[in-house]
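Visitor: Quick one: the structure is below, and I'll ask about it shortly.
Values in this text are rule-based calculations from the coordinates and carry no lab data. Bear in mind that the values here come from a model prediction, so they are computed numbers and not experimental data. Reconstructed Cβ throughout: ideal geometry from the backbone, glycine too, with neighbour counts over all protein chains shown.
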Amino acid sequence: MQKKFFLAVLMFLALVLLPWPAAAGMDDSLHIVVNDDFLVTDVPPLIANGHTLVPARPLAERLGATVHWDAGSQTVTIKKGGITIQFAIGEPIATYNGVSWQLPVAPELVKGRTMVPLRFIATALGQQVRFNYWQTTPMIWVTSSPLLEDKDTNVTPDYFEVDTGEGPPYYKLKPEGQTTRGIKLEDSVTKVKELYGPPFREETVRDGQVVLRYFSEYLPQSDAVSTLSFTCRDGRVVEVIIQH
């Protein structure tokens, strides 16, 4: 019961507290990234009362869910694992595993596509959502792991520069240094994940060492990304690197 309560609180906060584009109407300038690629739809996102609606099927299927449309009742049902979400056109109420939720805006039918609140679906399916501008382009990232904040990849005096001689340098945490969230060498992998969340990539490399990689906001299929990497041995951090 307590776990369900905390899930409910988290979903509510995700729906009402984070910023969104404020314009109204269709917005074909808004780009949506779902994990490793852009979300391409034949109907552009709809901005209603500061909330973003997108076609239900492309987003849900990219997140590994199935989608069923009932034309008679004008309802859409999204299922993934033990999660069932149901919307009805024009109704500002959704059900999540049978429990009713007030939506910030009602789903709409636009050019034959069911437009539903992006943040609600993404959060309900266990995703992280971030809105920001990439230079002047409004973008939304829907990711399975949280993105870094700008401060996380700022090069502070706790780091020293390493010149590889090929390509840009990288920055390595000093033995006595700490990251902006307080991780030091020899801290545990558990502490890293508690402070930064699950990594974008977790890879086993040489000698059984494990590398946890976290990404900043990024453009898919490009080098336009900053990373924060923790190399760990026997469950402890032995190296921290920032790359731009």
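Visitor: Is one or more of the residues making up the stretch 89-96 part of a strand (DSSP E or B), touching a Leu at 6+ places or on another chain (Cβ under 7 Å) and small (G, A, S)?
Guide: Yes: the stretch 89-96 contains one or more residues that are part of a strand (DSSP E or B), touching a Leu at 6+ places or on another chain (Cβ under 7 Å) and small (G, A, S).
Visitor: Right, something else. Which residues, counting only those in the stretch 161-178, are hydroxyl-bearing (S, T, Y), outside any strand (DSSP E or B) and either within 17 Å of F230 (Cβ to Cβ) or in contact with a Cys (Cβ under 8 Å, 6 or more places away or on another chain) (or both)? Don't jump to the end; show me each part of the working.
Guide: Going through the stretch 161-178, the residues hydroxyl-bearing (S, T, Y) turn out to be 164, 170-171.
After this cut, where a residue has to be outside any strand (DSSP E or B) as well, the list is 164.
Once the filter is applied, which keeps residues that are hydroxyl-bearing (S, T, Y), outside any strand (DSSP E or B) and either within 17 Å of F230 (Cβ to Cβ) or in contact with a Cys (Cβ under 8 Å, 6 or more places away or on another chain) (or both), the stretch 161-178 yields nothing.
Visitor: Looking at this structure, is T227 out of contact with any strand residue (DSSP E or B) (no Cβ under 8 Å at 6 or more places or on another chain), within 17 Å of Y159 (Cβ to Cβ) and surrounded by 15 or more Cβ atoms within 10 Å (Cβ to Cβ)? Before the answer, list the steps.
Guide: On the way: out of contact with any strand residue (DSSP E or B) (no Cβ under 8 Å at 6 or more places or on another chain): no; within 17 Å of Y159 (Cβ to Cβ): yes; surrounded by 15 or more Cβ atoms within 10 Å (Cβ to Cβ): yes.
It is false that T227 is out of contact with any strand residue (DSSP E or B) (no Cβ under 8 Å at 6 or more places or on another chain), within 17 Å of Y159 (Cβ to Cβ) and surrounded by 15 or more Cβ atoms within 10 Å (Cβ to Cβ).
Visitor: For D70, only one of the following conditions fails: (1) more than 28 Å from P198 (Cα to Cα); (2) in contact (Cβ under 8 Å) with a residue 12 or more places away in the chain. What is its number?
Guide: (2)
Visitor: Taking strands (runs of 3 or more DSSP E) that fall entirely within the stretch 97-139, which contain at least 3 residues that are under 30 Å from Y218 (Cα atoms)?
Guide: Filter on the stretch 97-139 gives 113-117, 128-134.
Visitor: Please specify each residue of the stretch 180-194 satisfying the condition of being in a loop (DSSP other than H, G, I, E, B) and within 21 Å of the chain's Cα centre (by Cα).
Guide: T180, R181
Visitor: While we're here: Looking only at the stretch 225-244, filter to residues that are assigned to a loop (DSSP other than H, G, I, E, B) and touching a residue at least 24 places away in the same chain (Cβ under 8 Å); which one of those is farthest from W134 (Cα to Cα)?
Guide: Looking at residues that are assigned to a loop (DSSP other than H, G, I, E, B) and touching a residue at least 24 places away in the same chain (Cβ under 8 Å), I get G235.
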